[in-house]
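Every number in this text was worked out from the coordinates using simple rules, so none of it is lab data. The shown structure was predicted, so the numbers you read here are calculated from the model rather than taken from an experiment. We place every Cβ from the backbone using ideal geometry, glycine too, and count neighbours over all the protein chains shown.
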Amino acid sequence: DGLVGIWTTSPTAKLDVNSDVLRLRTAKTPASAAASGNAGDICWDSSYIYVCIASSTWRRVLHATW
């Protein structure tokens, strides 16, 4: 059925991770809001989380400590 499970034998999505943490090890900052990217790409840096919402169309959300 094309579903991949990590720490689960019954995945219910294309990628199903049975954990409380998903880690992207390397920071990436898109060069601009129109930088090359594919819808669904996600990256981060020390100030923002970035999501590509359409081909070469990025949005960002500021994050801070609490």
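How much of the DSSP bridge set in the chain is antiparallel, in percent, rounded to the nearest 5? Working shown, then result.
Details: 9 of 12 bridges.
Of the beta bridges lying entirely in the chain, close to 75 percent run antiparallel.
Our estimate of slack between His63 and Ile49, defined as 0.36 nm per intervening residue step minus the Cα-Cα distance, is 4.3 nm.
When the Kirkwood hydrodynamic radius is evaluated over all pairs of different C-alpha atoms of the chain, what value in angstrom, to one decimal, is obtained? Please report the intermediate quantities before stating the final value.
Working: mean 1/r = 0.0732 Å⁻¹.
Final number for the Kirkwood radius of the chain is 13.7 Å.
Each of Asp1 and Asn38 was given a label point 7 Å from its Cα along the Cα-to-Cβ line. The distance between the two points is 2.4 nm.
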